[in-house]
Amino acid sequence: MEPARGPAIEERAEGISQDQQTALLKKDAEIADLKQQLHVALENWSKWEHRAHDVEQSTQRQIQDLKRQLNLTTQRLDDKSKMLGDRIEELASAQAFVTTADQCSTAEVSSMVEQLNEDIYQCAAFMVDAIFDVRNSRRPVDGQMEAAFAKAQKEARSAMVERWDENLVNRLEADLSSEENVLVECLIQSMLVKWCYEITSPFFHESRRTRRTLTQVWKGIGSLKGPAVANNWRAMTFSQLKTKEVDTKPTADKIDSFMIFCGWRHQAEAGNLPTKVNEKLRELAQKARKIKEMAFEGILSTDVRTFYPSVEDRYDPSTMQDGHDTGKVEAGGRIICSTGLGVEAVAKRRDPSTQEKTRRLVALKSSVLLASTLGSK
């Protein structure tokens, strides 16, 4: 049988129970508070986790965007670098066209043309001597050969009339009969002057069509890009055309026809005259080509060229000189033919109104045979 508890014990037991309950309640409150804090912490952590995830995604997007921009920028840089390289190459090429540093002077060209004129005179004098030597020492020939000579001379006369005119040919025949050599010599000089002029022309070529085409291109470049670019283009073109030797045969044939008209014959005493004539023509051609090379490759700032007046021109003392210095020179006098090349420098520029201005400077006058020298009207 359980002993009965007294009042004191029961009171003490109740006190302990209340203390425990209070402690438990306190612990429960603390636990609840901790749970609340944990819940808040978990919510905050979740929020921060979501935010960190969003930031990470945003950062990844930015990184990807920056990578794309970097790739585009790199590609553009490569394109710009290539374009810059192309432009540098183009500039170098263009610079080659606009460079106008001259390697020789107009005076040097004029000096060479003077020497060429002297060589032309010596060549003509050599042929005149050969003509009169044969005329004065002609051997008798049979009738058949004489008829052949007469036929050849008639054909040569027709060519002479076509090249000049009937009156001049008649005067030449009279001079030959009286052994006057001035007109004979000057007409040979005239043929050689014209031939050397063609060789020294900007685009000398056997094909007239090719010459016209190249000349038109050169003038077109000059109009669009200016003389510096045009002259450089001409120099480059000439460097490709100059490799071919000049064909002397057409000119040799013309001179042969002229000499036959004057009485020269292909006979034994003529010796190797045709060979000597061809040698002299080749020498003239080489010197003319050298002049052209100096004028078109050595001088780029100015258009330096040879010239000679036509028979339609009248005597102009500013561009011509009397080849025989007779003292009867008058401006406006009639010209028979040209006996020497002249040299002129032509400079072109544009003024502020974009109008092209041309300045012509005659560095060497062209020699001519005047009608007054022959005593004609």
Once fully extended, how much extra length lies between Asp175 and Thr74, figured as 0.36 nm per residue of separation less the alpha-carbon to alpha-carbon distance? 27.6 nm
Extension gain Arg334-Glu166, at 0.36 nm per residue separation less the Cα-Cα distance, in nm? 58.8 nm
Past 26 Å, Cα to Cα, is the threshold; run Lys194/Lys365; Lys254/Lys276; Lys249/Lys365 against it and keep the listed order. Lys249/Lys365
Please list, in order along segment 183-192, the HN-Hα scalar couplings obtained from phi with the Karplus expression 6.51 cos²θ - 1.76 cosθ + 1.60 (θ = phi - 60°), rounded to whole Hz, x for Gly and Pro. 5, 4, 5, 5, 5, 5, 4, 4, 5, 5
Under-5 Å amide H pairs with Ile336, H placed in peptide plane, nonlocal only: Leu369, Leu370, Ala371
Multiply the residue separation of Val362 and Gln18 by 0.36 nm, subtract the distance between their alpha-carbon atoms, and state the gained length in nm to one decimal. 110.1 nm
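No lab work stands behind these numbers, since they all come straight from the coordinates. As the structure is a prediction and not an experimental result, all values here were calculated from the model.
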